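Below is one structure, written out as structure tokens, with a few remarks after it.
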Amino acid sequence: MTEGDDPVREEKNPVFAAGLSLLFPGLGQVYNGETGKGILVLFGVLAGLLVMLIPGVVVWIFGIYDARATARRMNAGVVPFREMRFASVVLFMAVWMVGVLVFFTLLALAAFAAFTVAA
């Protein structure tokens, strides 16, 4: 195999990765090929938002930063390049939807319990 025969790989777009994490916490990590880390960021954000607002926002901001920084490191060759798999994106979005549904259900139950007065 000569130098010209190396497979061409696309570079990761750091701004796109950060934007995905801004819209859907953890999706930027999935774009970078790190599905497990993306799911951890998602659950960290949801758990943090459920307990208190500040921890959830901090984890969310970390996820945005990490997605951008990882994409840049992959492009520089510092971190091994990982391909994004369509199946991982679909799986993550399913987990995201279930997680958000559970989050709002727990939030509604907590609000109901807080405003219900025992007679």
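Output ³J(HN,Hα) for the range 98-114: one whole-Hz value per residue in order, computed from phi by the Karplus curve 6.51 cos²θ - 1.76 cosθ + 1.60 with θ = phi - 60°, and x for Gly and Pro.
Once θ is set to phi - 60°, the couplings for the range 98-114 become 5, x, 5, 4, 5, 4, 5, 5, 5, 5, 5, 5, 5, 5, 4, 5, 5 Hz.
Counting other beta carbons within 10 Å of each residue's own, what order do Lys12, Lys37 fall into, fewest first? Let's see the in-between values first.
Values: Lys12 23, Lys37 18.
Starting with the residue having the fewest Cβ neighbours, the order is Lys37, Lys12.
Cα axis of helix 14-23 to longest principal axis of the chain: angle in degrees, 0 to 90, nearest 10?
It is inclined by approximately 20 degrees.
Please give the length that would be gained between Val51 and Arg85 if that part of the chain were fully extended, namely 0.36 nm times their separation in residues minus their C-alpha to C-alpha distance (nm, one decimal).
Values: separation 34, 0.36 × 34 = 12.24 nm, distance 3.24 nm.
Length gained, Val51 through Arg85: 9.0 nm.
Here are several values of Cα extents along the principal axes in Å: (i) 48, 35, 27; (ii) 67, 37, 24; (iii) 81, 26, 17. Which one was derived from the coordinates shown?
Among (i) 48, 35, 27; (ii) 67, 37, 24; (iii) 81, 26, 17, the one derived from this structure is (iii).
By the scheme Lys and Arg +1, Asp and Glu -1, what is the net charge of all other residues having a beta-carbon under 12 Å from that of Gly26?
Details: positive: Lys37; negative: Glu34, Asp66.
Here the charged neighbours net out to -1.
Each residue of the range 54-61 in turn: what ³J(HN,Hα) in whole Hz from Karplus with 6.51, -1.76, 1.60 and θ = phi - 60°, glycine and Pro shown as x?
Each residue's phi maps through the Karplus curve to give 4, x, x, 5, 4, 5, 4, 5 Hz.
Report the full-extension gain for the segment Ala114 to Ile61: residue separation times 0.36 nm, less the Cα-Cα distance, to one decimal in nm.
Details: separation 53, 0.36 × 53 = 19.08 nm, distance 2.93 nm.
Net length gain for the segment: 16.2 nm.
FYI, it's all coordinate maths here, none of it is from the lab. This one's a predicted model, so the numbers in the text were calculated from it and none came from an experiment. So basically every Cβ, Gly included, is an ideal-geometry build from the backbone, and we count neighbours across all protein chains shown.
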